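Here is the structure we will look at.
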Amino acid sequence: DAGVTQSPTHLIKTRGQQVTLRCSPISGHKSVSWYQQVLGQGPQFIFQYYEKEERGRGNFPDRFSARQFPNYSSELNVNALLLGDSALYLCASSLGDRVSEAFFGQGTRLTVV
Amino acid sequence: GQSLEQPSEVTAVEGAIVQINCTYQTSGFYGLSWYQQHDGGAPTFLSYNGLDGLEETGRFSSFLSRSDSYGYLLLQELQMKDSASYFCADSWSGDKIIFGKGTRLHILP
């Protein structure tokens with residue numbers, strides 16, 4: 001069985017641009033959560049979706065949005081990119097809406113220049 | 001505010017035992033999860049405590065005390081490959097999932 005897959009693995013964008021990151025959960029997992037991780041820090045929670053509905057939102061500006069599709073894959077969109085958005089973006093899937101055991105993808109490394 | 005506090009760094013000797021503590025202050029605490037992350041890698045799940053007490057998985061054990069808002073991860077028979085960052089996380093605090101800042105574990109030969 002494939003694990004959580006994220007695409008792309010690396011991305012370079014210019015300030016002000018928009019970016020879309022993609023995540024495919026483990027088969028059978030209905031919950032996807034997104035995190036931002038900067039070097040030396042723990043993952044910061046951005047969103048959680050369960051059964052295609054938003055279940056939680058972290059302290060991120062409205063420039064960040066996400067959605068979950070009928071096949072439970074998910075996209076994270078970030079508009080009007082800032083230099084400070086440069087980070088590793090992680091997606092995790094879990095069976096239920098309580099994320100007691102999350103399986104992470106390898107992440108998308110976003111660099112904003 | 002909501003937070004999980006853990007030491008930034010811990011150093012131990014190969015073959016020894018090390019304990020990584022985590023204290024939390026979160027509303028709607030659900031349970032405590034632990035993750036390991038090697039440099040350049042993704043976090044991988046280690047253990048979860050939904051109830052008070054000890055959970056054991058091979059060389060790793062985790063403990064939770066809700067009355068003390070405290071938990072720990074215990075690693076036994078340390079191996080060099082255990083050198084990594086370790087994160088505790090509140091698996092569901094209201095509408096957020098909160099991670100600690102991580103503990104960097106250094107293992108000496």
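The values are calculated or read from the model by the stated rules, or taken from the named source; none is laboratory data. This is a predicted model, so every value here is computed, not measured. Reconstructed Cβ throughout: ideal geometry from the backbone, glycine too, with neighbour counts over all protein chains shown. The area values use the complete protein model at the heavy-atom level, side chains included, leaving out ligands, DNA and RNA. Shrake-Rupley method; radii C 1.70, N 1.55, O 1.52, S 1.80 Å.
The table below lists the values:
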{"read-out": "Residue list for the range A:60-92, restricted to those being of a type in the set (Phe, Trp, Tyr), outside any strand (DSSP E or B) and surrounded by 19 or more Cβ atoms within 10 Å (Cβ to Cβ)", "value": "A:72"}
{"read-out": "Filter result for residue A:33 (hydroxyl-bearing (Ser, Thr, Tyr) and either within 14 Å of residue A:109 (Cα to Cα) or crowded, with 17+ Cβ neighbours inside 10 Å (or both))", "value": "yes"}
{"read-out": "Considering residues of the range B:61-94 that are in contact with an Asp or Glu (Cβ under 9 Å, 6 or more places away or on another chain) and modelled with pLDDT under 95 only, the residue most open to solvent (accessible area, probe 1.4 Å)", "value": "B:67"}
{"read-out": "Qualifying positions in the range B:38-54 - open to solvent by less than 20 Å² (accessible area, probe 1.4 Å) and under 11 Å from the mean Cα position of the chain (by Cα)", "value": "B:47, B:49"}
{"read-out": "In the range A:104-113, residue nearest to residue B:37 (Cα to Cα) [restricted to those that are more than 7 Å from chain B (Cβ to nearest Cβ) and surrounded by fewer than 20 Cβ atoms within 10 Å (Cβ to Cβ)]", "value": "A:109"}
{"read-out": "Candidate set: the range A:1-30, residues that are of a type in the set (A, V, I, L, M, F, W, C) and outside any strand (DSSP E or B); chosen: the one most open to solvent (accessible area, probe 1.4 Å)", "value": "A:2"}
{"read-out": "Residue match in the range A:30-38 (condition: over 26 Å from residue B:102 (Cα atoms), more than 14 Å from chain B (Cβ to nearest Cβ), in contact with an Asp or Glu (Cβ under 7 Å, 6 or more places away or on another chain) and of a type in the set (D, E, K, R))", "value": "yes"}
{"read-out": "Sole residue being of a type in the set (Gly, Ala, Ser), within 14 Å of chain B (Cβ to nearest Cβ) and under 14 Å from the mean Cα position of the chain (by Cα), chosen from A:73, A:65, A:100, A:94", "value": "A:94"}
{"read-out": "Every residue from the range B:6-34 that is in a strand (DSSP E or B), surrounded by 14 or more Cβ atoms within 10 Å (Cβ to Cβ) and touching a residue at least 60 places away in the same chain (Cβ under 8 Å)", "value": "B:10, B:12, B:18, B:20, B:22, B:24"}
